[in-house]
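For reference, the structure discussed in these notes is given below.
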Amino acid sequence: MPRDLSRLAERVLKRAIDCGWSVVTAESCTAGALANHLSKAEGASKHFHGGIVTYTKDMKTAALGVSAALLRKKTAVCAEVASAMAKGALARSPADVAVSVTGVAGPQPDEDGNPVGLIYCAVARRGGAVKTARLHIEKKATSRILQDAMRLALGLLDETCRTQAKKR
C-alpha cells in the first residue's frame, strides 16, 4: 500500500470529518482498494461506512441501481456512470457523501473498447450536486493506473470538502 495514498486518504477523511460528513465508496476498477485506504485512516470507525465493489455492469445495476440502458448506451466507463454509482452508493448507505471510481486499469481495453488508463470519478453529497472528474493515463502499468485513479477520487472528495468548508 503506497504511503502517499495512505496519507492522502487520512487527510481527506479528516477534512470530511471536519465538514461533519461520513463517507461511502463505490468502486469498479479499484476493486475496494480505495475503501481499504480510507478504512485505515484515523476516525474511519465512526466516519467511513464502507464500500460497494461493482466490477461488472450487472453488479453496477444490481448493487448500485445503475441503469442497464445507461450502461448499454454509454458503457461502464463514463461520467454518467460514475455519477450514477456515487448516487447509488449514497442512496444505499447512511453516509453523507459518496465517492465512486470506474475505469480501465488494463492490461487490455475493456469489452466496449474503452482504452487502458481511462478513469472517471464522481462525488455525490446528500442534498448537493454531483461532481465528476476524468483522467486518461497513458503508458503506465496497471498498478500505477490504479494508484492514479485513487488519487483522482480522493482529490475530488478533498475538493468537495474544501468547497463546503469555504461556504461555512
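Of all the residues that make up the stretch 47-94, how many are under 30 Å from ARG15 (Cβ atoms), of a type outside the set (A, V, I, L, M, F, W, C) and either touching a Ser or Thr at 6+ places or on another chain (Cβ under 6 Å) or part of a loop (DSSP other than H, G, I, E, B) (or both)?
Residues in the stretch 47-94 being under 30 Å from ARG15 (Cβ atoms), of a type outside the set (A, V, I, L, M, F, W, C) and either touching a Ser or Thr at 6+ places or on another chain (Cβ under 6 Å) or part of a loop (DSSP other than H, G, I, E, B) (or both): 11 in total.
Which one of these is farther than 21 Å from GLU111 by Cβ and touching a helix residue (DSSP H, G or I) at 6+ places or on another chain (Cβ under 7 Å): SER39, SER22?
Criteria check complete, one pass: SER22.
Name every residue in the stretch 32-62 that is among the hydroxyl-bearing types (Ser, Thr, Tyr), surrounded by fewer than 18 Cβ atoms within 10 Å (Cβ to Cβ), out of contact with any Cys (no Cβ under 9 Å at 6 or more places or on another chain) and over 18 Å from ARG151 (Cβ atoms), in order of residue number.
Correct list: SER45, THR56.
I'd like to verify a number: residues in the stretch 15-31 that are surrounded by 15 or more Cβ atoms within 10 Å (Cβ to Cβ), outside any strand (DSSP E or B) and of a type outside the set (Val, Ile, Thr), how many?
Of the residues in that region, 8 qualify.
Suppose the filter is at pLDDT 95 or above, basic (Lys, Arg), in contact with a strand residue (DSSP E or B) (Cβ under 8 Å, 6 or more places away or on another chain) and closer than 28 Å to ARG11 by Cβ; does ARG134 pass it?
Spelling it out, ARG134 is indeed at pLDDT 95 or above, basic (Lys, Arg), in contact with a strand residue (DSSP E or B) (Cβ under 8 Å, 6 or more places away or on another chain) and closer than 28 Å to ARG11 by Cβ.
The values are calculated or read from the model by the stated rules, or taken from the named source; none is laboratory data. Keep in mind that what you see is a predicted model, and the values were worked out from it rather than measured. Methodologically, a virtual Cβ is constructed for each residue, glycine included, from the backbone with ideal geometry; neighbour enumeration extends over all protein chains shown.
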